[in-house]
Amino acid sequence: MTKEIQLHQENNIADNKSRDLILSIVLDLIGYATYAIPFLGEFADIVWAPVAGYLMTRIYKGFAGKLGGIFAFLEEAIPFTDFIPSFTIMWFYTYIIKKGK
């Protein structure tokens, strides 16, 4: 029974890892979309910045998620910094760097 629970937990982690990667890429693409409309897109960041910060804290839990949320907010709020893929960087940190420790 214990082995079944362990296998189930490993499958959930793998599912979350894939789901979070796809979600992170999509959210970064939404952040990039503001470049489609020069100058006007920077005003769209006023709306997207708090949403991005909030979503970062919901997807990635704990202190790292909160720090990532602040970074995502600032990255979207500061003009011309939208090129930073903050969600994908956070995924990489969560599932590659942090898991390796």
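Across the range 83-92, computed HN-Hα scalar couplings (Karplus, 6.51 cos²θ - 1.76 cosθ + 1.60, θ = phi - 60°) run 6, 7, x, 4, 5, 5, 4, 5, 4, 4 Hz from first to last residue, x flagging Gly and Pro. How many angstrom lie between the C-alpha centres of the range 44-59 and the range 72-101? Centre-to-centre (Cα) distance: 12 Å.
Expressed as a whole percentage, what fraction of the accessible surface of the chain belongs to carbon and sulfur atoms when a 1.4 Å probe is rolled over the protein heavy atoms?
Details: 5080 of 6890 Å².
Roughly 74 percent of what the probe reaches on the chain is carbon or sulfur.
Rg and Dmax of the range 9-101, both derived from C-alpha coordinates alone, stand at 13.6, 46 Å. Checking every one of the chymotrypsin sites (Phe, Trp or Tyr not before Pro) in the range 22-101 against DSSP loop status and a limit of 10 other Cβ atoms within 10 Å picks out PHE39, PHE80, PHE83. Expressed in Å, the radius of gyration and Dmax of the Cα atoms of the range 38-85 are 10.8, 35.
Report the local net charge at VAL51: Lys and Arg +1, Asp and Glu -1, summed over other residues whose C-beta lies under 15 Å from its C-beta. Net of charged neighbours comes to -4.
The values are calculated or read from the model by the stated rules, or taken from the named source; none is laboratory data. None of the values given here were measured: they were computed from a predicted structure. So basically every Cβ, Gly included, is an ideal-geometry build from the backbone, and we count neighbours across all protein chains shown. What goes into the accessible areas is simple: the full protein's heavy atoms, side chains included, and nothing from ligands, DNA or RNA. Shrake-Rupley method; radii C 1.70, N 1.55, O 1.52, S 1.80 Å.
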